[in-house]
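The values are calculated or read from the model by the stated rules, or taken from the named source; none is laboratory data. The shown structure was predicted, so the numbers you read here are calculated from the model rather than taken from an experiment. Positions of Cβ are generated from backbone atoms using ideal geometry, with glycine treated the same way; all protein chains shown enter the neighbour counts. Just so you know, the surface numbers come from the protein's heavy atoms only, side chains and all, with ligands and any DNA or RNA stripped out. Shrake-Rupley method; radii C 1.70, N 1.55, O 1.52, S 1.80 Å.
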Amino acid sequence: MRLLPALLTVVHLVGLALAAGSATVKLTLLLGCGADGDRLAIFFKVARPVTRLIILGMVLLTLSGVGWLLVAYDFTWLLGVKLALFGAVWVLGPVIDNVAEPKFRRLAPAAGEPASPEFIRARQQYVALEVTATLFFYAIIVLWVMAS
């Protein structure tokens with residue numbers, strides 16, 4: 001039975017590394033492309049594979065987190081805050097992937113073309129959502145360290 005907590009910890013760490021690391025990569029690439037059509041094309045090629053890594057990390061976090069709750073992990077206010085933030089990321093994810101990112105893609109300028117005002121607004125919304133979700137991951141990390 002001593003193996004289960006160690007296994008859950010490893011799975012949780014791997015999930016957190018995948019989710020937070022991939023979210024950071026995606027956000028960094030998004031911030032780096034601006035309205036440059038060539039950079040946007042590169043971002044669009046890697047955004048979906050990176051998003052899959054974020055989802056894989058979140059699934060691992062969810063499964064190991066449920067495992068922790070089942071082996072009688074003490075429920076504290078800190079854990080409640082972590083769960084609320086994690087739930088917020090689960091809600092933000094589909095909004096980012098199914099609303100903000102498709103709109104951003106649709107309005108993106110071609111290489112050498114100027115960005116439209118609609119694209120600028122879509123980019124601002126997309127960046128704001130990605131920043132929020134990524135910051136939630138970092139807040140979860142800080143809370144996990146505080147609870148340890």
Filter result for the condition that a residue is under 16 Å from the mean Cα position of the chain (by Cα), modelled with pLDDT under 95 and not β-branched (Val, Ile, Thr), over Leu83, Leu69, Leu129: Leu83
Filter pass, Thr51 being over 30 Å from Gly37 (Cα atoms), of a type in the set (S, T, N, Q), out of contact with any Gly (no Cβ under 7 Å at 6 or more places or on another chain) and in contact (Cβ under 8 Å) with a residue 40 or more places away in the chain: no
Only one of Arg52, Arg105, Arg123 that is at pLDDT 90 or above, of a type in the set (Lys, Arg) and open to solvent by 80 Å² or more (accessible area, probe 1.4 Å): Arg52
Among the candidates Leu63, Leu79, Leu13, residue that is assigned to a helix (DSSP H, G or I), farther than 30 Å from Ala108 by Cα, open to solvent by less than 60 Å² (accessible area, probe 1.4 Å) and out of contact with any His (no Cβ under 8 Å at 6 or more places or on another chain): Leu79
Members of region 108-120 that are part of a helix (DSSP H, G or I) and either touching a residue at least 24 places away in the same chain (Cβ under 8 Å) or surrounded by 16 or more Cβ atoms within 10 Å (Cβ to Cβ) (or both): Phe119, Ile120
Failed item, numbered, when Ala100 is tested on (1) hydrophobic (A, V, I, L, M, F, W, C); (2) open to solvent by less than 50 Å² (accessible area, probe 1.4 Å); (3) over 22 Å from Phe43 (Cα atoms): (3)
Residue list for region 121-138, filter: in contact (Cβ under 8 Å) with a residue 12 or more places away in the chain and among the small types (Gly, Ala, Ser): Ala122, Ala133
Residue match in region 69-76 (condition: open to solvent by less than 50 Å² (accessible area, probe 1.4 Å) and out of contact with any strand residue (DSSP E or B) (no Cβ under 8 Å at 6 or more places or on another chain)): no
Residues (open to solvent by less than 60 Å² (accessible area, probe 1.4 Å) and aliphatic (A, V, I, L, M)) located in region 126-148: Val127, Ala128, Leu129, Val131, Ala133, Ala139, Ile140, Ile141, Leu143, Ala147
